Amino acid sequence: MRRPIIAGNWKMNKLPSETRGFVESLVKLLSDAHDRDILLMPPFVSLSLVVDACQGSNIKVGAQNIYFEKEGAWTGEVSADMLKNIGAEYSIIGHSERRQYFKETDEMINKKLKRAVSVGLTPIFCLGEREVERKKGIERDVVYQQLTRGLLGVELEKIVIAYEPVWAIGTGKTATPQDAEEMHLFIRESLQKIYNKELAESVRIQYGGSVKPDNIDSLMAQPDIDGALVGGASLNIDSFVRIVRFK
Ligand code: PGA
């Protein structure tokens, strides 16, 4: 059985000064949720603080990005080793906002995935088609290409995948549970071809894109949806707690 994994991606939200109280409340409210992985992915400047506030709890902490070089003259970048060193255990890699606004390519994402895995940071590898691509009916080709290029030489057992249709992110337009399930199944079948059945069956695939308290239950009821990567709704305590406690 695949263990459910719910992650809150704060993006560029919440000041460090607003963060400790928020996280301490979450830790209390979710202290009995032991049958699922719960992750918080705050901005870099709040990571240490969140790691500290989550110490000894069932909540784990991750970054939203890493750089693929080990160290050196890369002004403004943060390495996987640094994140590991301060107690982060995960990192989002290849989020569509990074692909779209920061021009990250499949090749860069592949290097980042390998770097993260090499230091023992678990990547959440994001992929998903844009609206124009879905309208053209080429969403499977797009996702297959992202998958094969991104995963070249990557050990599947060391990562989590997040299917996030770009048209559903931050728009309030969630994919229907059936549409999402279809793509998750497609991803799993593709992974079976690229790797093998056992690995494809064991990898966890999160859905992301306007996940809310009122759609989480039907999404999680799908056989190939193993969790959620939650943006906007993770910024509010009540909605994030309800999402983590999906039924
Ligand atoms: P959203 O973001 O939940 O605000 O749509 C999801 C994501 O980008 O990971």
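So that you can scan it fast, the table gives a plain yes or no per residue for (1) of a type in the set (Gly, Ala, Ser); (2) out of contact with any strand residue (DSSP E or B) (no Cβ under 9 Å at 6 or more places or on another chain); (3) within 24 Å of Lys193 (Cα to Cα):
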residue	(1), (2), (3)
Glu69	no, no, no
Ser79	yes, no, no
Gly150	yes, no, yes
Glu155	no, yes, yes
Single condition Thr171 does not satisfy, out of (1) in contact (Cβ under 8 Å) with a residue 24 or more places away in the chain; (2) more than 10 Å from the ligand (Cβ to nearest atom): (2)
Which pairs have Cβ atoms under 8 Å, sit 6 or more apart or on different chains, and link a residue in segment 193-219 that is assigned to a helix (DSSP H, G or I) and of a type outside the set (Val, Ile, Thr) to one that is within 12 Å of the ligand (Cβ to nearest atom) and modelled with pLDDT of 95 or more? Leu219/Tyr207; Leu219/Val211; Leu219/Ala228
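Step by step: first the residues of segment 1-27, then only those that are small (Gly, Ala, Ser) and over 17 Å from Leu229 (Cβ atoms), then the one that is surrounded by the fewest Cβ atoms within 10 Å (Cβ to Cβ). Which residue is that?
Ser17
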Conditions (1) in contact with a helix residue (DSSP H, G or I) (Cβ under 9 Å, 6 or more places away or on another chain); (2) within 13 Å of the ligand (Cβ to nearest atom); (3) not in a loop (DSSP other than H, G, I, E, B); number of the one not met by Pro123: (2)
Of the residues in segment 94-117, those that are in a helix (DSSP H, G or I) and surrounded by fewer than 13 Cβ atoms within 10 Å (Cβ to Cβ) come to Gln100, Tyr101, Glu107
Given Ile237, Ile243, Ile225, Ile216, which one is at pLDDT 95 or above, in contact with a Pro (Cβ under 9 Å, 6 or more places away or on another chain) and farther than 15 Å from Pro165 by Cβ? Ile243
Is it true that some residue in segment 28-35 is within 26 Å of Glu164 (Cβ to Cβ) and either touching a Pro at 6+ places or on another chain (Cβ under 7 Å) or surrounded by 22 or more Cβ atoms within 10 Å (Cβ to Cβ) (or both)? no
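The values are calculated or read from the model by the stated rules, or taken from the named source; none is laboratory data. What you are looking at is a predicted structure, and each value in this text was computed from that prediction instead of being measured. Quick reminder, even Gly has a Cβ in these numbers, built from the backbone with ideal geometry, and neighbours come from all protein chains shown.
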